[in-house]
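Nothing in this text is a laboratory measurement; each read-out follows from the coordinates by a stated rule. Fair warning: this is a prediction, and the values are worked out from it, not measured in the lab. Please note: Cβ atoms are built from the backbone with ideal geometry, for glycine as well, and neighbour counts cover all protein chains shown.
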Amino acid sequence: GAVVSQHPSWVICKSGTSVKIECRSLDFQATTMFWYRQFPKQSLMLMATSNEGSKATYEQGVEKDKFLINHASLTLSTLTVTSAHPEDSSFYICSAPRRLDGYTFGSGTRLTVV
Amino acid sequence: EDQVTQSPEALRLQEGESSSLNCSYTVSGLRGLFWYRQDPGKGPEFLFTLYSAGEEKEKERLKATLTKKESFLHITAPKPEDSATYLCAVQGGGTSYGKLTFGQGTILTVHP
């Protein structure tokens, strides 16, 4: 149980375009979703926290206008990278609290901006 | 500020050769210490949560232990399919809900 489905698995986009990443909780309701970024051979860094029906909370140094987060339902949270640039290329992962303990993660999205 | 340091960075084992991975942490009021397994190009897979010093949890060939300063992930008689990056993370009492601080990970390779 507690499965988070993340799509797409990978995406290549041109510089200046926007990309949307979706995370769905399949067998539970995720009132909260966390969005992480992981650069090659580096650790996961929390970018923002989304809560269903309210504005997302961003970590220090994360541009809220570039990384738009929407959590419109109890099963879907989206991250849109706007006006993407090559430095936004990274591995983006979502996470939701598990029923009993810990956090369950999506399978990740590899974004490459060319 | 919460900090997590994992060692070694990389570990190569022969199949059946038991070993341990270390996770040292500093945190203001530990809410939980988490172990995850991450395969290349995939999201982390949950393994264990430990909440207090002295706690131990086991799952198949893995056993996680916790002290006030560090956690160990013991791997008994590993198999090639145990090859992955193992991540340790903490959630401190001074941080907002759900904010995990991750270590850099230990890349484990098990040779047949």
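How many of the residues making up region B:62-112 are loosely packed, with under 13 Cβ neighbours inside 10 Å, away from chain A (no Cβ under 12 Å) and within 28 Å of A:Thr32 (Cα to Cα)?
2
Within region B:34-49, is there a residue that is among the acidic types (Asp, Glu), in a loop (DSSP other than H, G, I, E, B) and farther than 20 Å from B:Leu11 by Cα?
Looking for residues that are among the acidic types (Asp, Glu), in a loop (DSSP other than H, G, I, E, B) and farther than 20 Å from B:Leu11 by Cα, one finds none in region B:34-49, hence no.
Count, please, the residues in region A:99-110 that happen to be surrounded by fewer than 21 Cβ atoms within 10 Å (Cβ to Cβ) and more than 7 Å from chain B (Cβ to nearest Cβ).
Qualifying residue count, region A:99-110: 2.
Just give me the residues in region B:1-55 being within 20 Å of A:Arg37 (Cα to Cα) and touching a helix residue (DSSP H, G or I) at 6+ places or on another chain (Cβ under 7 Å), in sequence order.
Hits for region B:1-55: nothing passes.
Of the residues in region A:28-43, how many are over 19 Å from A:Thr78 (Cβ atoms) and of a type outside the set (S, T, N, Q)?
Number of matching residues: 3.
Give me the residue from region A:34-86 that is surrounded by fewer than 13 Cβ atoms within 10 Å (Cβ to Cβ) and among the hydroxyl-bearing types (Ser, Thr, Tyr) and, out of that set, nearest to the other protein chains (Cβ to nearest Cβ).
By that ranking, first place goes to A:Ser54.
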